[in-house]
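Student: Let me give you the structure first, and then I'll get to my questions.
Coordinate-derived values only; no laboratory data. All values derive from a computational prediction rather than experimental measurement. Cβ placement follows ideal geometry from the backbone for every residue including glycine, while neighbour counts extend to all protein chains displayed.
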Amino acid sequence: MIRSRFIEELAKLDGGAELKGIIRDPDVARCVPLPTPDAGPIGKRILSRAEYVVDKWLAKRLQDFPWHWGYPREILSEYRRAVGVE
């Protein structure tokens with residue numbers, strides 16, 4: 001399904017049509033809200049770091065992220081340094 005959708009979009013591009021999801025205005029493209037399931041107040045706005053670290057569920061993600069499983073230690077260390085926990 002994804003492949004057929006991709007091929008359809010390529011055909012539109014080849015025909016000169018505008019593709020879906022293209023934002024040409026740099027001011028609008030600066031912060032595009034992504035579609036997310038209703039996550040309550042957390043999903044409605046961007047949290048500050050101070051709010052993030054006091055949230056029980058989110059604070060755990062600063063230390064560990066499930067998709068980092070199996071990464072080399074250097075990569076995990078770099079991630080932790082980048083988010084300010086190491």
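Student: Once fully extended, how much extra length lies between residue 80 and residue 10, figured as 0.36 nm per residue of separation less the alpha-carbon to alpha-carbon distance?
Tutor: 21.3 nm
Student: Among 4, 57, 84, whose Cα sits farthest toward the positive end of the charge dipole of the chain (+1 at Cβ of Lys/Arg, -1 at Cβ of Asp/Glu, about the Cα centre)?
Tutor: Of the listed residues, the answer is 57.
Student: Which three extents, in whole angstrom, do the alpha-carbon atoms of the chain cover along their principal axes, largest first?
Tutor: 50, 33, 25
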